[in-house]
Amino acid sequence: MKCFLFCLSAALLTLTPSHAVIIVIAPTSTTAGSLEITETIHFPITQSGEAVIFVFQGWVTSDETSVATFLSPNLSFSLNDNNLNRSAGIIDSANAASNDIGPNDGYLAWSSFNPVEVVVGDTLTLSVGTYSIAAASNFNPQATQTFTGNMFVSNIVGNRLSEIVAVPEPSLYTALLGLVSLALLLRRRRA
């Protein structure tokens with residue numbers, strides 16, 4: 001039993017730094033939406049290039065009428081722990097495939113006129129933050145969700161520049177934490 005509790009606790013500790021939740025509420029034509037990133041997400045760079053997009057794989061079903069809209073404040077992220085502040089943060093769902101970006105993917109982007117030069121071995125980090133999503137007609141309504149899935153960084157034409165990073169379900173961490181608590185409670189009752 002002690003070995004089981006130790007292993008479960010160790011598993012929880014390894015999950016904690018990579019546990020990230022992304023909560024999106026889609027805007028309407030008259031109401032702003034919101035984007036919340038509750039934990040930092042680290043993207044190890046595997047291909048040199050000009051990074052401009054954080055891609056959400058399989059975020060929504062393609063919507064030919066969807067439109068991009070702006071985030072406020074500016075998108076907050078860092079390169080090798082050096083803070084970057086890129087204006088024109090944009091959120092959208094893709095409506096066609098483009099290299100490594102599929103038609104059901106979504107993305108956060110910043111100005112292609114101000115890309116981030118990355119090289120193999122760098123780490124691009126998406127920071128914790130809360131953003132307002134400007135009101136927009138025809139924004140994909142499926143965007144309203146807690147995103148769980150894979151993400152990566154790409155260049156402007158959709159070529160992947162980073163490892164694929166899993167954004168785990170919040171319930172996984174909560175369930176494991178509950179299991180450890182239950183095991184500790186049972187152990188105390190037996191003693």
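Given the condition modelled with pLDDT of 90 or more, hydroxyl-bearing (Ser, Thr, Tyr) and surrounded by 15 or more Cβ atoms within 10 Å (Cβ to Cβ), answer yes or no: does some residue in the range 165-175 qualify? So that I can check it myself, show each step before the final result.
First pass over the range 165-175, keeping only residues modelled with pLDDT of 90 or more: 165-166.
This time we only want the ones that are hydroxyl-bearing (Ser, Thr, Tyr), so: none.
The answer is no, given that none of the residues of the range 165-175 is modelled with pLDDT of 90 or more, hydroxyl-bearing (Ser, Thr, Tyr) and surrounded by 15 or more Cβ atoms within 10 Å (Cβ to Cβ).
Can you spot a residue in the range 107-120 that is within 18 Å of the chain's Cα centre (by Cα), among the acidic types (Asp, Glu) and either closer than 17 Å to VAL157 by Cα or not in a loop (DSSP other than H, G, I, E, B) (or both)?
Checked the range 107-120: no residue is within 18 Å of the chain's Cα centre (by Cα), among the acidic types (Asp, Glu) and either closer than 17 Å to VAL157 by Cα or not in a loop (DSSP other than H, G, I, E, B) (or both).
Working only within the range 40-56, note down all residues that are surrounded by 19 or more Cβ atoms within 10 Å (Cβ to Cβ) and in a loop (DSSP other than H, G, I, E, B). Before the answer, list the steps.
Of the residues in the range 40-56, the ones surrounded by 19 or more Cβ atoms within 10 Å (Cβ to Cβ) are 41, 43, 45, 49, 51-56.
Selection gives VAL52 alone.
Can you tell me which residue is farthest from ASP122 (Cα to Cα) among those in the range 25-39 that are assigned to a strand (DSSP E or B) and of a type in the set (Gly, Ala, Ser)?
To start, the set of residues in the range 25-39 that are assigned to a strand (DSSP E or B) comprises 25, 33-37.
So of that shortlist, the ones also of a type in the set (Gly, Ala, Ser) come out as 33-34.
Working: GLY33: 32, SER34: 29 Å.
Restricting to residues being assigned to a strand (DSSP E or B) and of a type in the set (Gly, Ala, Ser), the top hit is GLY33.
Looking at ASN138, ASN83, which one is assigned to a strand (DSSP E or B), surrounded by fewer than 19 Cβ atoms within 10 Å (Cβ to Cβ) and at pLDDT below 90?
Details: ASN138 fails: assigned to a strand (DSSP E or B).
On inspection, the qualifying residue turns out to be ASN83.
Residue pairs, Cβ under 7 Å, 6 or more apart or interchain, first in the range 113-136 and free of Cβ contacts under 8 Å to residues at least 60 places away in the same chain, second not in a loop (DSSP other than H, G, I, E, B). List them.
What qualifies is ASN114/ARG86.
Can you pull out the residues in the range 63-82 that are in contact (Cβ under 8 Å) with a residue 40 or more places away in the chain, out of contact with any strand residue (DSSP E or B) (no Cβ under 7 Å at 6 or more places or on another chain) and polar (S, T, N, Q)?
Within the range 63-82, just THR65 meets the criteria.
Please go through (1) at pLDDT below 90; (2) more than 15 Å from the chain's Cα centre (by Cα); (3) loosely packed, with under 14 Cβ neighbours inside 10 Å for ASN99 and return the number of the only condition it doesn't satisfy.
Condition not satisfied by ASN99: (1).
The values are calculated or read from the model by the stated rules, or taken from the named source; none is laboratory data. Predicted, not measured: the structure shown is a model, and the values here were computed from it. Don't worry about glycine lacking a Cβ; one is built from the backbone with ideal geometry, like all the others, and counts go over all protein chains shown.
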